[in-house]
Amino acid sequence: MEYSNEFNRSRDAYIKNTKGNTFISGMNDEDWFNLGKSDAWAGKPKVPPEQDAQAASMYDLGYSEGEIKHPPTETPKTQK
């Protein structure tokens, strides 16, 4: 899953940079939204960015949507 790995690398770099009180992020709102949704689908804990309120909001929104919807690879079970 290359798409997910790319986001994980971006998030790790972002977290590393913000821990040193340096804000550098190449991620836009859609990226943060998709990362939040991906984390929810993967069952990862909710970890929004701390230094950027807009990014945190988009991450939270994506995470919430991901908790509601099934991931695209999961097939809903049919009732008999």
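The values are calculated or read from the model by the stated rules, or taken from the named source; none is laboratory data. Please read all numbers here as calculations on a predicted model, not as lab measurements. Don't worry about glycine lacking a Cβ; one is built from the backbone with ideal geometry, like all the others, and counts go over all protein chains shown.
Residues in region 27-43 that are in a loop (DSSP other than H, G, I, E, B) and surrounded by fewer than 13 Cβ atoms within 10 Å (Cβ to Cβ): N28, G43.
Scanning region 28-45 for residues that are within 8 Å of the chain's Cα centre (by Cα) and among the polar types (S, T, N, Q) yields N34, S38.
Please tell me if S10 is modelled with pLDDT of 60 or more and not in a loop (DSSP other than H, G, I, E, B). Here the answer is yes, as S10 does meet what is asked. Every condition in (1) of a type in the set (D, E, K, R); (2) at pLDDT below 90; (3) outside any helix (DSSP H, G or I) is met by K46 except one, and the failing one is (2).
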